[in-house]
Amino acid sequence: MSGLVDALLIVVAVVVVIARQFRASRIDTGRRWWLLPVVLAVVAVREPGLVDAQHRAASIALLTVELLIGLAIGAGWAWTSRIWAEPDGAVWSRSTKASGAVWAVGIGLRVGLFALGAALGVHQDSSALLLALAATLLVRSGTLDWRARSLSPAAADAPAYGQPMVRSSGKERV
């Protein structure tokens with residue numbers, strides 16, 4: 001039953017994250033952005049099936065690659081998100097099409113990694129995916145928080161990777 005609960009938790013977390021990523025959301029640098037990833041990591045680590053006892057080395061290697069993919073997706077997602085500051089000092093972010101591509105590539109890599117593990121006969125539990133999701137959210141949230149703190153209210157929009165830069169005409173409005 002615990003595996004079913006973990007699988008449902010993963011599906012709900014991924015759906016919520018993907019659905020919310022394309023809406024503009026305010027970045028509150030004072031909040032605990034690390035709390036949800038820590039809770040997800042604790043839930044993942046408490047499971048005994050994180051590492052397959054019969055294929056220990058291969059299982060640890062797959063888990064390591066899964067975590068590296070999660071970290072890369074988090075970084076890619078954060079750096080492809082558009083971030084801007086309002087005149088009142090509020091900082092906002094919204095994912096771009098490039099962010100969607102990062103997610104698509106990440107999901108493809110994870111499916112391929114799961115297929116490799118299945119071909120090697122390694123038992124893979126949902127806790128590895130949950131731990132990688134926690135890593136993804138931790139890196140993304142931390143990077144966005146860092147980017148938000150570096151923006152001043154007077155700064156122009158910070159374009160995301162792949163977004164065209166808006167150039168000023170050099171004339172100020174009077």
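The values are calculated or read from the model by the stated rules, or taken from the named source; none is laboratory data. Worth saying up front: this structure is predicted, and the values here are computed from it rather than measured. Here the Cβ is made from the backbone with ideal geometry for all residues, glycine too, and neighbour counts use every protein chain on show. Keep in mind that these areas ignore ligands, DNA and RNA; they rest on the heavy atoms of the full protein, side chains included. Shrake-Rupley method; radii C 1.70, N 1.55, O 1.52, S 1.80 Å.
Once both labels are modelled 7 Å past Cα along the beta-carbon direction, what's the ILE60-GLU86 spacing in nm?
It is 5.0 nm.
How much accessible area per residue does segment 18-136 have, in Å², with a 1.4 Å probe?
Computed with neighbouring chains in place, this is 53 Å² per residue.
When a/c reaches 1.5 or more, the comparison of a/b and b/c decides; with that in mind, is segment 43-153 rounded, prolate or oblate per its Cα gyration tensor?
Prolate.
On a C-alpha basis, how far is the centre of segment 65-98 from the centre of segment 1-53 in Å? Whole number, if you could?
Distance between centres, Cα-based: 17 Å.
So if I place +1 on the C-beta of Lys and Arg and -1 on the C-beta of Asp and Glu, and nothing else carries charge, what would the dipole magnitude of segment 1-135 be about its Cα centre? I want it in debye, nearest 20.
380
Which whole-Hz couplings ³J(HN,Hα) result when phi for each residue of segment 131-147 is put into the Karplus expression 6.51 cos²θ - 1.76 cosθ + 1.60, θ = phi - 60°, listed in order with x for Gly and Pro?
For segment 131-147, the Karplus-derived couplings read 5, 5, 5, 4, 5, 4, 5, 5, 5, 4, 5, x, 5, 5, 5, 5, 5 Hz, x marking Gly and Pro.
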